[in-house]
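Some notes on the structure that comes next.
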Amino acid sequence: MPSLRHVALLAALSAALPVAGAEPPNDTLSYPPAHKGTVVEDYHGVKVADPYRWLEKADAPETVAWVDAENKLTRAQLDRPQRAAIRAAAQPR
């Protein structure tokens with residue numbers, strides 16, 4: 001038997017989810033561009049492309065800028081008003 005807390009949490013989650021047939025949100029996600037490099041490794045005669053090898057250099061200014069842009073996009077999604085309602089519903093009563 002679900003508790004009142006579980007029912008409240010489900011109600012908050014339901015309110016935050018899109019409704020079938022509803023208009024999509026006006027905002028569209030604009031991901032930062034991640035260029036593709038030309039690195040190709042040869043593993044015993046098998047060529048394997050590694051176009052995002054540049055992201056492995058964590059301290060490179062290009063990588064730092066890309067990660068910052070990704071974090072900004074993520075934070076904008078996580079900080080939506082619906083999150084407060086979900087958090088409030090999840091608090092023990």
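The local environment of K36, defined by Cβ-Cβ distances under 12 Å, has a net charge of 0 under the rule Lys, Arg +1 and Asp, Glu -1.
For the range 40-93, what does the alpha-carbon gyration tensor say about shape, rounded, prolate or oblate, given a ≥ b ≥ c as the root eigenvalues, a/c under 1.5 as rounded, and a/b over b/c as prolate? Note, shape of the range 40-93 comes out prolate. Sorting 43-49, 63-69, 78-84 by their mean Cβ neighbour count within 10 Å, with the most densely packed peptide first, gives 63-69, 78-84, 43-49.
Read the figures in this text as sums done on the coordinates, not as results from a lab. This one's a predicted model, so the numbers in the text were calculated from it and none came from an experiment. Cβ coordinates were reconstructed from backbone atoms using ideal geometry, including for glycine residues, and neighbour counts include every protein chain displayed.
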